[in-house]
Number of protein chains: 2
Amino acid sequence: MQKRPAGLVVAAAVFLFCIGTVHAEDGYDLWLRYRPLPVAEREALAPLARTIVTAPGKPSPTVRAAIAELKRGLGGLLAADVPESVTPADGAIVLGTPADMPAIAALHLPLDGLGSEGYVIRRAEIADHEVTVVAANGDRGLLYGAFALLRRAQTGAGLAGIDVASKPKIGLRVLNHWDNLDGTIERGYAGQSLWDWWHLPDFRDPRYTDYARANASVGINGTVLNNVNANADSLTARYIAKAAALADVFRPYGIRVYLSARFSAPMEIGGLDTADPLDPKVRDWWRAKADEIYAAIPDFGGFLVKANSEGQPGPQDYGRSHADGANMLAAAVAPHGGIVMWRAFVYAADNPEDRAKQAYDEFKPLDGKFADNVLVQVKNGPIDFQPREPFHPLFGAMPHTPLMMEFQITKEYLGFATHLVYLGALYEEVLKADTYAKGPGSTVARVIDGELHGYARTGIAGVANTGDDRDWCGSTFEQANWYAFGRLAWDPETSARSIAREWLEMTFTDDERFVEPALGMMMRSREAVVDYMTPLGLAHLMATGHHYGPGPWVDDLDRPEWNPVYYHRADAGGIGFDRTKSGSNAVAQYAKPVARRFGDLDTVSDQYLLWFHHLPWDYRMKSGETLWEALVAHYDKGVAEVEAMQATWASLEPWVDAERFQKTRIYLTIQHREARWWRDACLAYFMHVSGLPLPGDSRAPAHTLEYYEGLSFPFAPGR
Amino acid sequence: MQKRPAGLVVAAAVFLFCIGTVHAEDGYDLWLRYRPLPVAEREALAPLARTIVTAPGKPSPTVRAAIAELKRGLGGLLAADVPESVTPADGAIVLGTPADMPAIAALHLPLDGLGSEGYVIRRAEIADHEVTVVAANGDRGLLYGAFALLRRAQTGAGLAGIDVASKPKIGLRVLNHWDNLDGTIERGYAGQSLWDWWHLPDFRDPRYTDYARANASVGINGTVLNNVNANADSLTARYIAKAAALADVFRPYGIRVYLSARFSAPMEIGGLDTADPLDPKVRDWWRAKADEIYAAIPDFGGFLVKANSEGQPGPQDYGRSHADGANMLAAAVAPHGGIVMWRAFVYAADNPEDRAKQAYDEFKPLDGKFADNVLVQVKNGPIDFQPREPFHPLFGAMPHTPLMMEFQITKEYLGFATHLVYLGALYEEVLKADTYAKGPGSTVARVIDGELHGYARTGIAGVANTGDDRDWCGSTFEQANWYAFGRLAWDPETSARSIAREWLEMTFTDDERFVEPALGMMMRSREAVVDYMTPLGLAHLMATGHHYGPGPWVDDLDRPEWNPVYYHRADAGGIGFDRTKSGSNAVAQYAKPVARRFGDLDTVSDQYLLWFHHLPWDYRMKSGETLWEALVAHYDKGVAEVEAMQATWASLEPWVDAERFQKTRIYLTIQHREARWWRDACLAYFMHVSGLPLPGDSRAPAHTLEYYEGLSFPFAPGR
């Protein structure tokens, strides 16, 4: 290797070389971009980030990860190397636990009660040096603290007055990957699975580390690798070895691996003739299987189970209850400290009842009957991840059973990865909903963070929107939903708006001329999708199977509750599902004040109007419009909002790199076309059943109802 | 935007920023990496690459692409910006056609006979300035010339004495993508399809441009977008619009788009009740369909068709011949200048004859019966892309019908993307094979380049190994096969070794300490896979369906010629397929001197021994060993070669970045394990049928034959 004297010429050459070879902004870096800060911010930060100091001796893998991230992050933000050291000096960032570092212990920081994951960051004096301390009770806290410090630096807040103490309010913060062993992802819109099962365990793609970094940066501490519609092969020795390789990569980042367990696995891969949870052979098989898994993955998290739901096997196949099934698996993993997440998403094929009532009806009687290491995982609403649903009535109704929240990050029903819809607003709406389980203020957030009922275990799950697309999520703005899920999992009382702002600043720029308009666009985007798909409490109007586009006319599927007509119940007389006393009385599953509010036309919000009530088309809304006029107005507003988003985005071009700008611009074009399609197809259908014309100034659908009914999309993604 | 005075500090900061953010060597850049040259080479090149000069006025999209590539390439190699200009000066690189640039015309370069794609590059004097001229008759020639100049610079050859004239020997140089509309790739081992059908035509992934650049850099000028096992939907208006968007991206790079046509499309999407090629309605439908396609894609290349093969529909369904079918489609595209590529890969389910004979038997009688714009596409060997086959007997046997070569770049039968196998050696072996059709020297290369029979059209196809994996091909060394295909398509008489050397220098480094050992490894790699899979002329020993791993014992598939036992015919008495006069007499399909050589045990090469002969286990080889001893020795040698590759690669670590080094290292580990598996499983089986023990010093298989027979891989890729 020949060397030339350092100097401007070389530096300029390097500059040009860099220009030529730095990859475009393809979204791979997510919110961890670490591009150089504006000069003023850089000059303020540099003196406070001169070195990274950790305890002498070999750092643990987790501390090494924290150091590496600080070096990468600060190095990028400052456009300068930040060296490591073991000696505090002015401007040092000192990472340590009281146990490892006497200088930290001597500061007597308020670490009590922060647990193993919390951290303190503050300015302090160590050995006469002004430093920034990142302190925690354990290494995972240090890693989370490092990311928190970087977030602060990335968003231009600087370290000058930093004084932060934080710990997660929810213990278990997991992604659910609906990834299949053949690499496809059910309801995935960002390519194939991140897991290259075929080359695992031998080849560990460097991308796995970046996945772990992204999750750790928002506090996600668990990942269920495979689809809840599970294949028993994932529990064979071959696949356990593959999962173990992923666990090895994720471990330094505080992320445990979980597996979805197929309930009938003892028959499919164990050679048994039953999967009855009370059969001793079955119990032995699962115990041995758990032992086998823990031998390969000592910190294996446990199982997620979808049982007796949508054709999956389960304990009811043997006349046993969900509790019997869950507790059998719980017993298998308990000796190893594992848990079972048992999904409450069930609805019976032969149940003529309102589908919205079934999970409650099945699980409420089981309250208190689950083993200590079982959590019941409940979707945010009683149907299935619709653009808007009221909160699930189980929240607040099972004081003796830890309930986990299940949000969907992937947008199965909200326009796939193409539509710009910020889900932070949806999550916040659900988390802030008041169950009244113990009087006012009994929010869903306080149920799942364990405060309301004193749950010993707490958890929250998000159905991942990741895939092997270069930008992970299929679009830049989809990344915000992964980010928001993680940040709300850490603290479900954070505001969706503050999270969106943080994400925008990290992902694009902190220039207010960009941030404010973009923030407005994000915050209105969820209401827009509700308006152009399912306004006024409507739900489940999508096409069959792939769930792409509208299908309110569908009425010929095998099970009644698979059909959109089951949900909207529109005919010449009116529209909506009567869930009051005069109907299915689903309202009665909520606490009395909530039931009263939902059940009464005077108090129910327009947002849930047709979810709970069947009303004539000429029903007079609070606004003075008829229901029909209001419905049309909402559809029109949804489309108009997308047009407004297009205009806003176009105005933001100066602040966005060409690649990400263009992709979002084009996706908004698609979203607009599809919003029009939803609006036109739904209105064409409702005009048909109601016999009503459109109000005067509302644009006629572009095509006939027959046209919309005839569309088919055999290669729609996500199946 | 604030600015700081330029200077060393800023440059250093930029340097550090670059270090932090330049992506790892993930293989995305292929052989177009353009990293800075060693200083001596840079200093030699810089004075000869000061500016890029083109004719005044707006350059065509193709010339713009050439300029952009030169700026990117030279800028990277020199670590310095190379500006554009319209005025020749010393050190300029002058790109132009005689028509566009009088100064080029005045040089009277030898452009006659170079056609629209050829180019001349040489040092010249223009207006008293010493320049390097890249001249051509058309813009595509300029683009190819620009890439040729860059290749020269990348491989350290410099521009000092450059004097090159080149044109492609084969007209049609196409990739065949076996990509399905749902994003899967049949026999693809590098992820999903590059084509994001779902978001086309709206979103044009920047990657499409990089795909076009890579192809143009090796002279590939066509791409068949969809699988030969075609879905008729690819011919609907919706998908034509998507293909048109891709064609728009590829056009500036000289690449035409083609589609695989499903023969029964008139019934499936046209509402007809027949696809009989002689039915006027059918003919009209295809003519209208061609008109529709050409309205969207004015330079659409034409159709590729797999008909009456492996269950695909075709003209024989109506008692018509392949020529009837091909000519009907040819008539539809002829008015637009399109062509039809009609595959000769056929074998009939009800034909008890030797499968190796069937394509010849069906197509030879049709010689001269195809329309002028039809090419018949013939796989390199008579079976199906095996590790080694003799050349296909149709080559040389159809003087009146242009035959295209079909090579497989994706390694369906050679270890998928995981095994390091350089296919340049395989392609070269086939192209150099002598058909004796017109006496000695009638090589396959001279058949397909049209020289031997005076074909008016010439073509070569490669079944692509690309997918959306970050490194395009699933591994770095797989990229060499794409590269080698393109380079051999341009000139089928190039040596595989020189291509491999070029590729290594562009992809890694031109340091001889790296290149020589790596080159040796590549050049031996194809013989290694033959040895550990199918030595001595064996073929088709793989497992069923996914073709992953060995399955010589398989004998229970529906059609006889799907079973490995059909091919090896091993029993206690011997092994091999008698294709001499005493057997199927397939040798008679070759020209007499070839037939004699293959058919005679004294002259047939060991490479083809068991392809043409059934022999007793104790047959005495020329080496003096028995056949059994020789077979075992080949299997042992194959495994030993992989071990040698592992050792070689380990020694090359100093010259390779960590990411690409590690992935190749791990893949070689997998290859070694799988080579052992092939050897052990095949020998266990052959020991079983022959009753023979292994020769003394040969290692016993690691497992029993039953173990190997019991293995199953439900999620193997590529189906």
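The values are calculated or read from the model by the stated rules, or taken from the named source; none is laboratory data. Fair warning: this is a prediction, and the values are worked out from it, not measured in the lab. Cβ: placed from backbone, ideal geometry, glycine included. Neighbour counts: every protein chain shown. Please note that ligands, DNA and RNA were not included when accessible areas were found on the heavy atoms of the full protein model with its side chains. Shrake-Rupley method; radii C 1.70, N 1.55, O 1.52, S 1.80 Å.
Would you confirm whether or not the range B:352-370 contains a residue that is in a loop (DSSP other than H, G, I, E, B), open to solvent by 20 Å² or more (accessible area, probe 1.4 Å) and at pLDDT below 95?
For the range B:352-370, residues in a loop (DSSP other than H, G, I, E, B), open to solvent by 20 Å² or more (accessible area, probe 1.4 Å) and at pLDDT below 95: present.
Search the range B:332-345 for residues that are assigned to a helix (DSSP H, G or I) and pair each with any residue that is of a type in the set (Lys, Arg) and open to solvent by 10 Å² or more (accessible area, probe 1.4 Å) when their beta-carbon atoms are under 8 Å apart and the residues are at least 6 apart or on different chains.
B:332/B:283; B:332/B:287; B:332/B:289
Would you please list the contacts, defined by Cβ atoms under 6 Å and residues six or more apart or on different chains, that run from a residue in the range A:651-667 that is modelled with pLDDT of 95 or more to a residue that is open to solvent by 60 Å² or more (accessible area, probe 1.4 Å)?
Taking only residues 6 or more apart or on different chains, the pairs are A:661/A:653.
In the range A:7-28, which residues are facing chain B (nearest Cβ under 8 Å), over 19 Å from residue B:78 (Cβ atoms) and at pLDDT below 95?
If the condition is that a residue be facing chain B (nearest Cβ under 8 Å), over 19 Å from residue B:78 (Cβ atoms) and at pLDDT below 95, then A:23, A:24 are the ones that fit.
For the range B:371-381, give me each residue that is open to solvent by less than 40 Å² (accessible area, probe 1.4 Å), of a type outside the set (A, V, I, L, M) and part of a loop (DSSP other than H, G, I, E, B).
If the condition is that a residue be open to solvent by less than 40 Å² (accessible area, probe 1.4 Å), of a type outside the set (A, V, I, L, M) and part of a loop (DSSP other than H, G, I, E, B), then B:373, B:380, B:381 are the ones that fit.
Being away from chain A (no Cβ under 12 Å) and either surrounded by fewer than 21 Cβ atoms within 10 Å (Cβ to Cβ) or out of contact with any Gly (no Cβ under 9 Å at 6 or more places or on another chain) (or both) is the filter here; which residues of the range B:190-234 pass it?
Correct list: B:208, B:211, B:213, B:225, B:227, B:228, B:229, B:230.
Just to be sure I understand, how many residues within the range B:384-408 are part of a strand (DSSP E or B) and open to solvent by 10 Å² or more (accessible area, probe 1.4 Å)?
Of the residues in the range B:384-408, 1 are part of a strand (DSSP E or B) and open to solvent by 10 Å² or more (accessible area, probe 1.4 Å).
Does residue A:124 count as on the phi < 0 side of the Ramachandran plot, modelled with pLDDT under 95 and surrounded by fewer than 23 Cβ atoms within 10 Å (Cβ to Cβ)?
no
Which residues, counting only those in the range B:409-425, are crowded, with 23+ Cβ neighbours inside 10 Å, over 11 Å from the mean Cα position of the chain (by Cα), of a type in the set (A, V, I, L, M) and closer than 18 Å to residue B:527 by Cβ?
Selection gives B:414, B:420, B:421.
Mind listing whichever residues of the range A:29-59 are assigned to a loop (DSSP other than H, G, I, E, B), in contact (Cβ under 8 Å) with a residue 12 or more places away in the chain, more than 10 Å from chain B (Cβ to nearest Cβ) and crowded, with 17+ Cβ neighbours inside 10 Å?
Selection gives A:30, A:31, A:32, A:37, A:49, A:50, A:54, A:55.
Given the conditions (1) at pLDDT 95 or above; (2) surrounded by fewer than 23 Cβ atoms within 10 Å (Cβ to Cβ), report the number of the one that residue B:539 does not fulfil.
In the conditions (1) at pLDDT 95 or above; (2) surrounded by fewer than 23 Cβ atoms within 10 Å (Cβ to Cβ), residue B:539 misses (2) alone.
If only one of A:588, A:595 is among the small types (Gly, Ala, Ser), free of Cβ contacts under 8 Å to residues at least 24 places away in the same chain and open to solvent by 50 Å² or more (accessible area, probe 1.4 Å), which one is it?
So the residue among A:588, A:595 that is among the small types (Gly, Ala, Ser), free of Cβ contacts under 8 Å to residues at least 24 places away in the same chain and open to solvent by 50 Å² or more (accessible area, probe 1.4 Å) is A:588.
Cβ-Cβ below 6 Å, separation at least six or inter-chain, first residue in the range B:630-646 and without any contact (Cβ under 8 Å) to a residue 40 or more places away in the chain, second open to solvent by less than 10 Å² (accessible area, probe 1.4 Å): which pairs?
Correct list of pairs: B:646/B:668.
Given the options B:696, B:718, name the one that is assigned to a loop (DSSP other than H, G, I, E, B) and open to solvent by less than 30 Å² (accessible area, probe 1.4 Å).
The match here is B:718.
In the range A:677-693, is there at least one residue being within 14 Å of another protein chain (Cβ to nearest Cβ), buried (at least 16 other Cβ atoms within 10 Å of the Cβ) and under 26 Å from the mean Cα position of the chain (by Cα)?
The answer is no, given that none of the residues of the range A:677-693 is within 14 Å of another protein chain (Cβ to nearest Cβ), buried (at least 16 other Cβ atoms within 10 Å of the Cβ) and under 26 Å from the mean Cα position of the chain (by Cα).
Taking only the range A:102-144 into account, find how many residues are small (Gly, Ala, Ser) and under 14 Å from residue A:53 (Cα atoms).
Residues in the range A:102-144 being small (Gly, Ala, Ser) and under 14 Å from residue A:53 (Cα atoms): 4 in total.
Quick one: is residue A:66 within 14 Å of another protein chain (Cβ to nearest Cβ), touching a helix residue (DSSP H, G or I) at 6+ places or on another chain (Cβ under 6 Å) and either in contact (Cβ under 8 Å) with a residue 12 or more places away in the chain or of a type in the set (Lys, Arg) (or both)?
no
Could you tell me which of the residues B:80, B:146 is closer than 15 Å to residue B:162 by Cα and not charged (D, E, K, R)?
B:146
Contact list please: Cβ distance under 7 Å, first residue in the range A:156-176 and on the phi > 0 side of the Ramachandran plot and at pLDDT below 95, second residue of a type outside the set (Phe, Trp, Tyr) and surrounded by fewer than 18 Cβ atoms within 10 Å (Cβ to Cβ), pairs at least six apart or on different chains.
Once the first residue is on the phi > 0 side of the Ramachandran plot and at pLDDT below 95 and sits in the range A:156-176, its partners that are of a type outside the set (Phe, Trp, Tyr) and surrounded by fewer than 18 Cβ atoms within 10 Å (Cβ to Cβ) give A:158/A:44.
Among residues belonging to the range A:74-89 that are at the interface with chain B (Cβ under 9 Å from one of its Cβ atoms) and buried (at least 16 other Cβ atoms within 10 Å of the Cβ), point out the one that is nearest to residue A:41 (Cα to Cα).
Ranking the candidates gives A:78 first.
Sort through B:567, B:548 and tell me the only one that's closer than 30 Å to residue B:447 by Cα, over 19 Å from the mean Cα position of the chain (by Cα) and open to solvent by 10 Å² or more (accessible area, probe 1.4 Å).
None of the others qualify; the one that does is B:567.
Evaluate the following for residue B:293: is it more than 14 Å from chain A (Cβ to nearest Cβ), outside any strand (DSSP E or B), open to solvent by less than 30 Å² (accessible area, probe 1.4 Å) and within 19 Å of residue A:712 (Cβ to Cβ)?
When the stated conditions are applied, residue B:293 does not pass them.
Cβ contacts < 8 Å: first residue under 18 Å from residue A:719 (Cβ atoms) and among the aliphatic types (A, V, I, L, M), restricted to the range A:535-558; second residue in a helix (DSSP H, G or I) and modelled with pLDDT of 95 or more, any location; separation 6+ or different chain. Result?
Sorted first by the residue in the range A:535-558, then by its partner, the pairs are A:542/A:533; A:542/A:564; A:554/A:564; A:554/A:565.
Tell me, which residue of the range A:160-188 that is in contact with a helix residue (DSSP H, G or I) (Cβ under 8 Å, 6 or more places away or on another chain), under 28 Å from residue A:376 (Cα atoms) and open to solvent by less than 50 Å² (accessible area, probe 1.4 Å) is nearest to the other protein chains (Cβ to nearest Cβ)?
A:181
Return the total of residues in the range A:634-660 being hydrophobic (A, V, I, L, M, F, W, C) and either within 12 Å of another protein chain (Cβ to nearest Cβ) or touching a strand residue (DSSP E or B) at 6+ places or on another chain (Cβ under 8 Å) (or both).
Number of matching residues: 2.
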